[in-house]
Amino acid sequence: MFSITQDILQKTEAHLLNLPVEKKLWSNITRYLVFPIKYLLWGLGDFFKPASTWALMAFSFLLIGSIIMNKLEVAPEFHLILMNVCVYAPMVLVLCAVPSTYVNYGVKDVHIENITKFIEESGLDSPDKIELLEENLEKLNERIVSRVSFYKWVLGAAWAIYVVTFNLEIKLLPKSEDINFLKILTKSVTTFWLSMFSAVVILIFITGYKRASEMLIKSIEFACIQSKYCILKNS
């Protein structure tokens, strides 16, 4: 059962990333060199999907708002207010989106259909066998969650150590002699902001990896439910 789960997982990864599902000589190479990049980009794409939706809506609102203001000759003092409305109104719409627009974890019907075929080809032809696959998926998901938590813990620990070091450096600066205080302070603050930016970027990457992993596992889980439904329907 473990080998079957591993095989379905590998085929699902390839299918979702639009890469060859069949195992070939170079499969192991691409799995370690190509898959991780596409996997991360796939997760980041889903993570930034609400932001891209907001940007598109805000641009449309601003464009239409500008045309209307020019046509109606709206007073200049109201331009800034209307522009803010065009920017923040789409943000509210995105934040308060109805659940049916985001609860599917990015899973599509074509994904379910193909993963269902993988399950059928693996010989899992009864609800009991498919439930065993689901149990294995729970164990695999625990490992993924553990890895993501470890990444976050390392990032948090590194940031805490840096902040403590930065504070000590700032406190010791006034007591130091024969130094350009302003120059060193500027350098320290610049380094702080660069470090914060790096930490945010790394956190976004971790979140993108987590999002991709959620979509991967949920795709197989939805396919398991679909497979059991088809078996019960045809019985």
Does Val103 satisfy the criteria of being assigned to a loop (DSSP other than H, G, I, E, B), open to solvent by 40 Å² or more (accessible area, probe 1.4 Å) and either hydrophobic (A, V, I, L, M, F, W, C) or farther than 15 Å from Asp46 by Cα (or both)? yes
Kindly list the number of the only condition in (1) open to solvent by 80 Å² or more (accessible area, probe 1.4 Å); (2) of a type outside the set (Gly, Ala, Ser); (3) within 30 Å of Ile217 (Cα to Cα) that fails for Pro127. (1)
Among the residues of segment 116-135, is there at least one that is over 30 Å from Cys230 (Cα atoms) and either of a type outside the set (Asp, Glu) or in a helix (DSSP H, G or I) (or both)? no
Checked segment 107-124 for anything surrounded by 12 or more Cβ atoms within 10 Å (Cβ to Cβ), more than 23 Å from the chain's Cα centre (by Cα), over 14 Å from Asn234 (Cβ atoms) and touching a residue at least 60 places away in the same chain (Cβ under 8 Å); matches are Phe118, Ile119, Ser122, Leu124
Starting from residues that are among the polar types (S, T, N, Q) and buried (at least 16 other Cβ atoms within 10 Å of the Cβ), keep the ones in segment 213-235 and report whichever is nearest to Trp42 (Cα to Cα). Ser213
Of all residues in segment 80-96 being surrounded by 12 or more Cβ atoms within 10 Å (Cβ to Cβ) and out of contact with any Gly (no Cβ under 9 Å at 6 or more places or on another chain), which is nearest to Ile217 (Cα to Cα)? Val94
Residues located in segment 56-78, provided they are within 18 Å of Leu95 (Cα to Cα) and surrounded by 15 or more Cβ atoms within 10 Å (Cβ to Cβ): Met57, Ala58, Phe61
Quick test for you: out of Leu40, Leu56, Leu19, pick the one residue that is among the hydrophobic types (A, V, I, L, M, F, W, C) and part of a loop (DSSP other than H, G, I, E, B). Leu19
Being crowded, with 19+ Cβ neighbours inside 10 Å and among the small types (Gly, Ala, Ser) is the filter; apply it to segment 182-212 and report the residue that is farthest from Thr5 (Cα to Cα). Gly208
Condition met for Lys183 (part of a helix (DSSP H, G or I), out of contact with any strand residue (DSSP E or B) (no Cβ under 7 Å at 6 or more places or on another chain) and at pLDDT below 90): yes
Pairing a residue in segment 178-205 that is over 15 Å from Asn167 (Cβ atoms) with any residue that is modelled with pLDDT under 85 and open to solvent by 70 Å² or more (accessible area, probe 1.4 Å), where Cβ atoms lie under 8 Å and the two sit 6 or more apart in sequence or on different chains, gives Phe181/Pro174
Is it the case that segment 44-51 has a residue that's of a type in the set (Phe, Trp, Tyr), open to solvent by 60 Å² or more (accessible area, probe 1.4 Å) and touching a residue at least 60 places away in the same chain (Cβ under 8 Å)? yes
Are there any pairs with C-beta distances below 9 angstrom linking a residue in segment 126-154 that is over 16 Å from Phe2 (Cα atoms) to a residue that is polar (S, T, N, Q), with the two at least 6 apart or on different chains, and if so which? Pro127/Ser227; Ile144/Ser213; Val145/Ser213; Arg147/Ser213; Val148/Thr207; Val148/Ser213
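The values are calculated or read from the model by the stated rules, or taken from the named source; none is laboratory data. Predicted model only: the values in this text are computed from it and were never measured. No Cβ is skipped: glycine too gets one built from the backbone with ideal geometry, and neighbour counts run over all protein chains shown. To get the accessible areas, we keep the full protein, side chains included, count just its heavy atoms, and leave off ligands, DNA and RNA. Shrake-Rupley method; radii C 1.70, N 1.55, O 1.52, S 1.80 Å.
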